[in-house]
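Report on the following structure.
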Amino acid sequence: MGTVRFGTLGSLTVACCLMMSSAPSGLTPEILHSVNAIPVEIAGRFRDPRGFQQSDVGQYFVFDRRGHTVYGVDEKTTGSWRIAEIGAEPGRILRPSAFSVAGDGTFVVADAPGGRERVQVFNLAGFRIAGFRLPARDRPRVTFGDIVVNGVGSLQYTGTSVLISQPETGSLVVEYSTSGRPIRTFGALRATGHEDDPELHQALNSGIPLVDPSGGFYFVFQAGIPAFRKYNDDGELVLERLVQGREIDPVLARLPTEWRRENDEIPLIEPTIRTAAVDRHGQLWLAFMVPYTYVFDRDGDKTRTVQFRAAGIVSPTSLFFGPRGRLLVTPGLYEFDVGAAAGERP
């Protein structure tokens, strides 16, 4: 059982689960080498790039979370410019937590000015074209390192709607129109054994909603026992898989089974999966808190174990497949060519 440690976040006491792990020896995962990167003279102006995505026309977008800014970078990576800038008023961003780009170059940013969560939609030039506020929450937003562990920590923008992980609604995913109208919910919460503790139960059901370009959706459980589900276009469950592997065995062995806390404490749970993405063939890529990434085919079977290498081994904080099939990765703003070995099907 993992260690439960109590800490303090401002005036709020939290229960923090520490999961320490080391990479197993003697394993030789497939190494993917970067084929391109944003030049250092451009990348150096970003304080904390936590999103690196690309539109269908080739323009890059860099989400600088700590700088409260979204930048544009031209396809030839010769220059950058500010698209969305810091500010609490509509059309600006403050305390951002999540970011997603659609193929047409419109994008969404989730932020929280004044502690109230907001989702805004911007066009390619950075003008706000839609947006909405989310219902107020009883608890302040909490982050663990670079990951928001409550609130809008992950979303996916389809170009016409926004998918958000909101287990507190009783479903894994809520799909909103760009004006904030709930369109539908889907995904039953998984059993955790902590149903009598709503905050803990919801935390273990938080995750990453993803659109599958080949049809349907994935949902990746980000905390607790790693698992994912696949849903069809109607939100009906197609498959569910638990994720196992020698590379993550040390992490799983240290997962806590209980969180001892008082009434004024909240469970602060370290994620097991840091980020995820779906490639153009419908294959799911899962990057763990340890520097390994697993790839699963459309049937939910694991086909590859990958590590990314640039200046050294890269532990991805975000993954995104661009229009040419290249994988864009932060930190470092690297591109990886994965198509030749991605298990393409005819």
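Rule-based calculations on the coordinates, nothing more; no lab input. None of these values were measured; they are calculated from a predicted model. Positions of Cβ are generated from backbone atoms using ideal geometry, with glycine treated the same way; all protein chains shown enter the neighbour counts.
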*Of the peptides 160-168, 312-320, how do they stack up when ordered by the mean number of other Cβ atoms within 10 Å, highest first?*
160-168, 312-320
*Would you please classify the overall shape of the range 200-313 from the alpha carbon gyration tensor, given that a ≥ b ≥ c denote the square roots of the eigenvalues, rounded means a/c under 1.5, and beyond that prolate means a/b larger than b/c while oblate covers the rest?*
oblate
*Set the Förster radius R0 to 30 Å, insert the Cβ-Cβ distance between Asp74 and Ile183 as r into 1/(1 + (r/R0)^6), and round the FRET efficiency to 0.05.*
0.30
*Order these peptides, 228-234, 253-259, by their mean beta-carbon neighbour count within 10 angstrom, highest first.*
228-234, 253-259
*In percent, what relative contact order does the range 202-285 have, based on Cα pairs under 8 Å that are 6 or more apart in sequence?*
30
*Footprinting exposure proxy for Ile273, Ile31, Ile86 (fewest neighbouring C-beta atoms within 10 Å first)*: Ile31, Ile86, Ile273
*List the relative contact order of the range 199-346 as a percent without decimals, with contacts defined as Cα pairs under 8 Å and 6+ residues apart.*
15
